[in-house]
Structures are given as C-alpha cells and as structure tokens.
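Step one of this worksheet: look at the structure below.
The values are calculated or read from the model by the stated rules, or taken from the named source; none is laboratory data. Keep in mind that what you see is a predicted model, and the values were worked out from it rather than measured. Cβ coordinates were reconstructed from backbone atoms using ideal geometry, including for glycine residues, and neighbour counts include every protein chain displayed.
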Amino acid sequence: MNHMLSILAQATGGGPAGGGAAGGQQPSPAATFFPFALILAMFAFIFLTSRSQKKREKRERDNMFERLSKNDRVLTIGGVIGTVIQVKDAEVVLKVDESTNTKMTFLKTSVQRIITEEHPIGT
C-alpha cells in the first residue's frame, strides 16, 4: 500500500523525487485526473450495486405479497405471528390466538415474511 502511494505521488509530481511545481516541472493532466477518475468509478460502482440490490429486494417482497394466501403462517414487522384467514386488496386478516379466536387486520406491507418448514421463525 505504501509503495502504491509513493508511485501515485511521483505520478502527480510530488514525492521524494523532488519533482513537481517547485522543480519547475508541471504534472501531466492525465496523472492529475487519474485519482479523481478512480474515486468517481468507485462511487458509481457502489451506487449501481446498491440500486440493483434494492430493486431485487422490492421485487421479492412484491412476489411474497402476491403469494400470500389463506392458512399461511406469517410474521409481521411488529413481531406478531398469526395464520392468514383472509386476504384483501391491501389488507390481510390474521388469527393470532387459537383459544379465543382473536383476529387482527394488518396492511399487507406489514407482513415481514411467510413462515414455512424451510424458513422457521428462528432463522
């Protein structure tokens, strides 16, 4: 890493070689622009990667809402576990207590995930 920094310093006209503006030698525009272009490329890569990941997560979530059906066990974002009784356009009715037959209505968007054999509650 230290070697790379010394090469970069020499390329931009600074460093132990004694070059630069003090020696009367101007750094080339390409050598000055290279570090900025590298940083710009890193930020573009990070931005595009995070954007595609967000799109994928939204698509998976929308697919989960479409698959939601009666008798599915679900976990809400508030931590309520229940069984789907009815699915409406934007709402879902959950039975949260078997003994008292307690039902609660939630927005579909408050369902965090569907609990299955492959994906139990603890994972």
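Restricted to strands (runs of 3 or more DSSP E) entirely inside the stretch 71-123, those with at least 2 residues that are over 24 Å from Glu57 (Cα atoms), among the charged types (D, E, K, R) and not assigned by TED's automatic domain parsing to the domain that holds Arg61 are 91-97. Scanning the stretch 85-104 for residues that are aliphatic (A, V, I, L, M) and either at pLDDT below 90 or surrounded by 12 or more Cβ atoms within 10 Å (Cβ to Cβ) (or both) yields Ile85, Val87, Val92, Val93, Leu94, Val96, Met104. Scanning the stretch 38-73 for residues that are of a type in the set (A, V, I, L, M) and within 30 Å of Glu91 (Cα to Cα) yields Met64, Leu68. Within the stretch 74-84, can you find the residues that are surrounded by fewer than 16 Cβ atoms within 10 Å (Cβ to Cβ) and not small (Gly, Ala, Ser)? Passing the criteria: Ile77, Val80, Ile81. Condition first: touching a residue at least 24 places away in the same chain (Cβ under 8 Å) and surrounded by 10 or more Cβ atoms within 10 Å (Cβ to Cβ). Can you find one or more residues in the stretch 35-42 that meet it? Checked against the condition, which is being touching a residue at least 24 places away in the same chain (Cβ under 8 Å) and surrounded by 10 or more Cβ atoms within 10 Å (Cβ to Cβ), the stretch 35-42 yields at least one hit. Any chance the stretch 61-69 includes a residue that's assigned to a strand (DSSP E or B) and of a type outside the set (D, E, K, R)? No, the stretch 61-69 contains no residue that is assigned to a strand (DSSP E or B) and of a type outside the set (D, E, K, R).
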